[in-house]
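**Student:** Here it is, the structure, as structure tokens.
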Amino acid sequence: MSQTGPAAPSVAQLEQVKDAVRTLLHQPEYDDGSAGPVLVRLAWHSAGTYCAETKTGGSNGAGMRYEKEGGDPANAGLAHARAFLEPIKEKFSWITYADLWCLAAVVAIKEMGGPEIAWQGGRTDFTDDTKIPPRGRLPDAAQGSDHLRHIFYRMGFNDQEIVALSGAHNLGRCHSDRSGFEGKWVNNPTRFSNQYFKLLLAHDWKKKKLDNGLEQFVYVDEEIELEEGEKPEELMMLPTDMSLLSDPAFRTWVKRYAEDKDLFFDHFSKVFAKLLELGICRDASGNVTNAENVEDGYKSAPKKSDTAATQKDQNRGQVGHEAAPLKDKNETFQSRKNGAKL
Ligand code: HEM
């Protein structure tokens, strides 16, 4: 039941999709008012399963549509991002989920004030879950610098690139019902900047044990201007974020990015483009030459049903019907957040 679209989307077609992504970023009911951060995380997790040695994983295939990858606890909460993109998939059914997830992040980063990121389409959607890599390839935030190197060297990144990529934690927040960690890294988590690096260096981060037993690092910014009655929200760092400070090679880059926003933007733009290309082979003209793409062309999976409770339009093992329950959850979260400010 898959549908074959054009060989690869044209520039004009992609412009339409980019416009549609820009329109959906504003989500007043959700988190800090933007779908941007969680879209960035979706793209990163779709690509971050790559293993350079075995050439498995990566951004081809949109494996998170399947329980095998979508149900990985490391991907908890990313169903929100996928559900945000469903109306776009409905309108532009020719685009593959694999391309849409990556392109949405590139648009979101730019719209949130970040750099332009070079991007090429052509990823295809897997038609079953057989090519999905094993779980456990994404980083564990409770660990330190050795773990980061183990995970990111496997993908083919170096120390400088690990630090530049981590700068994405300038965006969004941790959720107790997803990763178990709680809070945002910076005061304005929907604006892309080098604030994350500045805060890492500037503050005395204190260890805090959460009720669920996890440990994170926190700081309360007393100087921030607040609306009347608002309490300052604690900022946080993950143990892996703190390891960028304690490891001398990582720390050098933290300092350089804190001092030079343009350098960070330039390096982030390059490394994020590299991340999104993990697992994608191209010929000199940019056509994707992965076996599944050559065999089947640009094959976009049918849109997932977000209404009926039947699995009929889904492939085996596919996760579906995500949108409605998530909408309810977002509204509950927002009313709790508003209530807390009163
Ligand atoms: C260095 C290793 C990394 C670790 C251990 C890590 C871990 C985490 C954790 C635990 C969360 C909170 C998830 C939640 O509870 O909702 C998170 C959020 C986030 N991460 Fe990372 N991450 C890493 C690298 C990256 C990279 C490379 C990027 C992108 C380039 C990224 C982008 C994000 C974004 C944008 C969010 C916020 C999502 C939201 O607001 O829903 N992270 N990360």
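The values are calculated or read from the model by the stated rules, or taken from the named source; none is laboratory data. All figures in this text were calculated on a predicted structure; none of them were measured in a lab. Neighbour counts run over all protein chains shown; Cβ positions are idealised from the backbone, glycine included.
**Student:** Pairs, please: C-beta under 9 Å, at least 6 apart or cross-chain, first residue on the phi > 0 side of the Ramachandran plot and in region 13-38, second among the charged types (D, E, K, R) and in a helix (DSSP H, G or I)?
**Tutor:** Asp31/Lys337
**Student:** In region 220-252, which residues are hydrophobic (A, V, I, L, M, F, W, C) and farther than 30 Å from Asn60 by Cα?
**Tutor:** Residues of region 220-252 hydrophobic (A, V, I, L, M, F, W, C): 220, 224, 226, 235-238, 242, 244-245, 249-250.
Matches in region 220-252: Val220, Ile224, Leu226, Leu235, Met236, Met237, Met242, Leu245, Ala249.
**Student:** Something else now. When the residues of region 82-134 are filtered to those that are assigned to a loop (DSSP other than H, G, I, E, B) and either aliphatic (A, V, I, L, M) or outside the structural domain of Gly58 (by TED's automatic domain parsing) (or both), which remaining residue is farthest from Val294 (Cα to Cα)?
**Tutor:** Met112
**Student:** So, of the residues in region 162-213 that are more than 11 Å from the ligand (Cβ to nearest atom) and among the aromatic types (Phe, Trp, Tyr), which turns out to be nearest to Ala258 (Cα to Cα)?
**Tutor:** The residue in question is Phe197.
**Student:** Show me the strands (runs of 3 or more DSSP E) found entirely inside region 159-276 where at least 3 residues are touching a Phe, Trp or Tyr at 6+ places or on another chain (Cβ under 8 Å) and either surrounded by fewer than 17 Cβ atoms within 10 Å (Cβ to Cβ) or of a type in the set (Ser, Thr, Tyr) (or both).
**Tutor:** 206-209
**Student:** So Ser59 ticks every box in (1) in a loop (DSSP other than H, G, I, E, B); (2) at pLDDT below 95; (3) not β-branched (Val, Ile, Thr) but one. Which box is left unticked?
**Tutor:** It is condition (2) that Ser59 fails.
**Student:** Another question, then. Taking the condition of being within 10 Å of the ligand (Cβ to nearest atom) and among the aromatic types (Phe, Trp, Tyr), how many residues in region 101-160 meet it?
**Tutor:** So the count comes out to 2.
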